[in-house]
1. Go through (1) surrounded by 14 or more Cβ atoms within 10 Å (Cβ to Cβ); (2) closer than 26 Å to Ser114 by Cβ; (3) in contact with a Ser or Thr (Cβ under 8 Å, 6 or more places away or on another chain) for Ile25 and report which single condition fails.
2. Tell me, please, whether a residue that is within 19 Å of the chain's Cα centre (by Cα) and within 30 Å of Ala126 (Cβ to Cβ) can be found in the range 45-68.
3. Would you point out which residue out of Leu99, Leu40, Leu103, Leu36 is assigned by TED's automatic domain parsing to the domain that holds Leu3, part of a helix (DSSP H, G or I) and surrounded by 14 or more Cβ atoms within 10 Å (Cβ to Cβ)?
4. Inspect the range 54-63 for any residue being assigned to a strand (DSSP E or B) and either free of Cβ contacts under 8 Å to residues at least 24 places away in the same chain or loosely packed, with under 10 Cβ neighbours inside 10 Å (or both) and give the result as yes or no.
5. Which condition does Ser114 not pass, out of (1) within 17 Å of Tyr70 (Cβ to Cβ); (2) of a type in the set (S, T, N, Q); (3) surrounded by 14 or more Cβ atoms within 10 Å (Cβ to Cβ), if it passes all the others?
Amino acid sequence: MKLSDIKWQLKTIEIKQNKTKNTVIYPILNDVGWALIEYLKHARPISDSSYVFIRMNAPYEAFGKDANLYSIISKYTRLAGIKIPRGKRHGLHSLRHTLASALLEQGTPLPLISEILGHYTSKSTAIYLRD
């Protein structure tokens, strides 16, 4: 996510998806907005990088190609001592599944869940709602 993706006046974040090349727009909720402000003002290293989240150690630049969410989630799952049963999904897919399931349990309409996940159709979202 780049700094230019944050539209402070509109209170939105606009992200072009890598997979579909479609732009999705998310509202900046108050808690998220304040967390971003705190990070940018007090935690993010001083850098000319156009990316919001950058390395905390020099060189202060965007994460490398190997620093993907799957790798990060797997690393901290291992460090936390969480055992994933063989054949059980984990990583980003698991987080998306959990989010979709929680939204459905809260009564969120399926088209809205699809939009949140960045899907064009609810058919794509059904994959995340299976047990």
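1. (1)
2. Checked the range 45-68: at least one residue is within 19 Å of the chain's Cα centre (by Cα) and within 30 Å of Ala126 (Cβ to Cβ).
3. None of the other options fit; the residue is Leu36.
4. Yes - at least one qualifying residue is present in the range 54-63.
5. (1)
The values are calculated or read from the model by the stated rules, or taken from the named source; none is laboratory data. On a predicted model such as this, the values are computed, not experimentally measured, just so you know. Methodologically, a virtual Cβ is constructed for each residue, glycine included, from the backbone with ideal geometry; neighbour enumeration extends over all protein chains shown.
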